[in-house]
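Participant: I have a structure I would like to understand better, so I am pasting it below and will then ask my questions one at a time.
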Amino acid sequence: MKPGVVIVGAGHGAGQVAFSLRQFGYDGAITLIGEENCAPYQRPPLSKAWLAGEAGLDEVLYKPEAFWKVHNITVITGRKVMEIDRANKTVRCDDDATMPYAHLVLATGGHARRMDCPGEGLPGVHVLRTLDDANGLNQAMQPGGRLVIIGGGYVGLEVAATASKRRLDVTVLEAESRVLARIAGADISTFFEQTHKAKGVNIITGVMALAFEGDEKLSGVRLADGTVIPADLALVGIGLIPNEALAREAGLVCENGIVVDDLCRTEDPYIFAIGDVTRHPNKIYGRSLRLESVHNALEQAKTAAGAIAGRKNPYNQVPWFWSDQYDIKLQIAGLSEGYEDTVLRGGTTQNSFAVFYFKDGGLIACDAVNAPAEYMAARIMIAKGVSPDRAMLVDLDVSMKEIMMQAQ
């Protein structure tokens, strides 16, 4: 059999690469190699439906087991790729087996950032990135237990919401002055802080966790001022580190992510990369980005598969994200970093509103809370490079459809 496409990584994005290759008519061999002992699955439910016991394995798997057989796609689990031999176009796994490739796709994602502090190895200290991580956290989350979450980003707050519903005593520690500080504006942060506090979650901002305390298991989290927050379990949710070592050791350019072009190609024309691990160009924002986003991973997967199958369609889209907490859906279109001013549509005391972010007079992002029309309109306007009339935005009697039609 001729060498085909080898995909390193067997996550959501990797599965999409394989699926899209078949959709685009690629009839060569396709092999996915993943470190986890599970077929490709979706990560977003891990902090929500899976942890809440509302979803089983069938609901989180990317495709049912039969799909891979029907489409003649080989999925190898529990194996780690150790080396890429670019000269001979092969990869070597941790069992010393080698595999040739015609094209290689790196979908290696990232791993949870650790605190590297005293006590981090104590039983009861968790991270959340994989299905095994979620299972371990799920078993530890018992009603009445004291959970301390380090990090007030998406994952931290989603787990806080789930744990609160499961009747745990939850404390969120955030080093910044507000939660979601690296993701959204102050209005959004205030809204979510108030929402969580109303549900009984204790949120402490502007504090630094320095160590985990306990003898044989976790008993508390020590802060920089010496305060110890009692804890039966803790979750470290302070970000992700891209798994770029394999690419870097193969001589590929990496800059906090594997550098790719708008077709998801690395500097080696036979090697592509997709998802959280990539740094890619974005013409809308005029700079390179590394995005931790399901949308980005899936769309880059389609782009890479298309390029391999002879259907070149450069990737240049508005980044978007979402978070589900309690009965609230936060949808984010664009990147608000560096914004100069905002326009609020609706009131933050209500359960539906949106914040529009502007820079140099142009719309660059929107955070929408239970406001799908505002979110979709913002996404379209950002993609087109047009901006809404601000007076129309604040008038709730004017529909988003009308606002889009008048956008300049």
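Participant: Please express the Cα-Cα pair-distance distribution P(r) of the stretch 161-247 as a list of whole percents, one per 5 Å bin, running from 0 to the bin with the greatest distance.
Facilitator: With a bin width of 5 Å, the distribution comes to 3, 12, 20, 21, 20, 13, 7, 4, 1, 0.
Participant: Starting at the first residue of the stretch 263-280, write each ³J(HN,Hα) from the Karplus equation 6.51 cos²θ - 1.76 cosθ + 1.60 with θ = phi - 60°, in whole Hz, x for Gly and Pro.
Facilitator: In residue order, the calculated couplings are 9, 6, 8, 7, 5, 8, x, 9, 10, 10, 8, 9, x, 4, 7, 9, 10, 10 Hz.
Participant: Please list, ordered by chain and number, the residues whose modelled amide H lies under 5 Å from the amide H of I149; skip anything fewer than 5 residues away on the same chain.
Facilitator: When sequence neighbours closer than 5 places are left aside, the close amide H contacts are T171, V172, L173, L235.
Participant: Could you tell me what percent of the DSSP beta bridges with both partners in the stretch 114-236 are antiparallel, to the nearest 5?
Facilitator: The antiparallel proportion sits near 30 percent.
Participant: For the stretch 114-236, what is the charge dipole size about the Cα centre, in debye to the nearest 20, if Lys and Arg each add +1 at the Cβ and Asp and Glu each add -1 at the Cβ?
Facilitator: 400
Participant: Round to the nearest 0.05 the FRET efficiency obtained for A55 and H111 when R0 = 30 Å and r is the Cβ-Cβ distance.
Facilitator: With R0 = 30 Å, the Cβ-Cβ based efficiency is 0.80.
Participant: Could I ask something else about it? For the chain, modelled as a Gaussian network with Cα springs under 10 Å, which listed residue fluctuates most, T171, T162, T227?
Facilitator: T227
Participant: Residues with amide H under 5 Å of M82's amide H, sequence separation 5 or more or different chain, H placed in the peptide plane at 1.01 Å from N; which?
Facilitator: Those lying under 5 Å, H to H, from M82 are R92, C93, D94.
Participant: Which of the aspartates and glutamates could a cross-linker span from K283 if the Cα-Cα distance has to be under 17 Å and same-chain partners fewer than 8 positions apart are dropped?
Facilitator: Excluding near neighbours in sequence, the set is D261, D262, E299, E337, D360.
Participant: For A211, enumerate residues with amide H under 5 Å from its amide H, sequence gap 5+ or separate chain, H modeled in the peptide plane.
Facilitator: It is R222, by chain and number.
Participant: In sequence order, what are the phi-derived ³J(HN,Hα) couplings for the stretch 393-408 according to the Karplus relation 6.51 cos²θ - 1.76 cosθ + 1.60 with θ = phi - 60°, rounded to whole Hz, with x for glycine and proline?
Facilitator: Using θ = phi - 60°, the values come out as 4, 7, 8, 5, 7, 9, 6, 5, 5, 5, 5, 4, 5, 8, 5, 10 Hz.
Participant: Sticking with this one: To the nearest 20 debye, what is the magnitude of the charge dipole of the chain about its Cα centre, counting +1 on the Cβ of each Lys and Arg and -1 on the Cβ of each Asp and Glu?
Facilitator: 840
Participant: Give me the percent relative contact order of the stretch 126-232, please, defined on Cα pairs under 8 angstrom at least 6 residues apart.
Facilitator: 22
Participant: Taking 1 over the mean of 1/r across every pair of different Cα atoms in the stretch 112-186, what Kirkwood radius in Å do you get?
Facilitator: Final number for the Kirkwood radius of the stretch 112-186 is 13.2 Å.
Participant: Among the listed pairs K63/K384; K199/K359; K199/K329, give every one whose C-alpha distance is greater than 27 Å.
Facilitator: Pairs exceeding the cut-off: K63/K384; K199/K359.
Participant: Let me ask something else about it. Please list, or write none, the lysines whose alpha carbon is within less than 18 Å of the alpha carbon of K89, excluding same-chain residues fewer than 8 places away.
Facilitator: K2, K80
Participant: What share of the DSSP beta bridges in the chain is antiparallel, in percent to the nearest 5?
Facilitator: Among the beta bridges of the chain, antiparallel pairing accounts for roughly 60 percent.
Participant: Taking neighbour Cβ counts within 10 Å as the exposure measure, how do H111, H196 sort from fewest upward?
Facilitator: Ascending Cβ contact count within 10 Å gives the list H111, H196.
Participant: Based on a Kirkwood Rh over C-alpha pairs, give the Stokes-Einstein translational diffusion coefficient of the stretch 327-406 at 10 °C and viscosity 1.306 mPa s in µm²/s.
Facilitator: In µm²/s, the coefficient rounds to 129.
Participant: Please report the base-10 log of the normalised intensity I(q)/I(0) for the stretch 279-394, using a Debye sum with one equal scatterer per alpha carbon and no solvent, at each q in 0.17 (1/Å).
Facilitator: Here the Debye-derived log intensity ratios amount to -0.86.
Participant: I want to make sure I understand the PRE zone here: with the label point 7 angstrom from the Cα of A198 toward its beta carbon, which residues in the stretch 367-387 have backbone N atoms less than 19 Å away?
Facilitator: The answer is 368-372, whose backbone nitrogens lie closer than 19 Å to the label point.
Participant: Could you go through the stretch 116-123 in sequence order and give the Karplus-derived ³J(HN,Hα) for each residue, using 6.51 cos²θ - 1.76 cosθ + 1.60 with θ = phi - 60°, rounded to whole Hz, and x for Gly and Pro?
Facilitator: Result, rounded to whole Hz: 6, 9, x, x, 5, x, 5, x.
Participant: Taking 0.36 nm per residue of separation and subtracting the Cα-Cα distance, what length does fully extending R92 through L223 add? If you can, show how the numbers build up before the last one.
Facilitator: On the way: separation 131, 0.36 × 131 = 47.16 nm, distance 4.39 nm.
Fully extending the segment from R92 to L223 adds 42.8 nm.
Participant: For every helix of n ≥ 4 consecutive DSSP H residues, a contribution of -39,500 (n - 2.57) applies; sum these over the chain, divide by its total residues, and give [θ] at 222 nm rounded to the nearest 500 deg cm²/dmol.
Facilitator: -7000 deg cm²/dmol
Participant: Here is a further query. Anyone know which of H126, H71, H12 comes out most mobile in the 10 Å Cα GNM of the chain?
Facilitator: H71
Participant: Quick one: which of 31-42, 366-377 comes out on top by average Cβ neighbours within 10 Å, and what's the full order, highest first?
Facilitator: Answer by packing, highest mean first, reads 366-377, 31-42.
Participant: Compare V17, V159, V75 in a GNM of the chain, Cα atoms joined below 10 Å, and give the one with the largest fluctuation.
Facilitator: Its mean-square fluctuation being the largest, the pick is V75.
Participant: To make sure I understand, if each residue's beta carbon is the centre and we count other beta carbons within 10 Å, what order do M405, M115 fall in, fewest to most?
Facilitator: Neighbour counts put them in this order, fewest first: M405, M115.
Participant: Something else about it: Among C93, C264, rank each residue by its count of other Cβ atoms within 10 Å, from fewest to most, as a rough exposure measure.
Facilitator: Values: C93 16, C264 29.
Least crowded to most crowded, the residues run C93, C264.
The numbers here are math on the coordinates, done by the rules we state, and not lab data. Note that this is a predicted model, so its numbers are computed, not measured. Ideal geometry is used to build each Cβ from the backbone, glycine not excepted, and the neighbour counts take in all protein chains shown.
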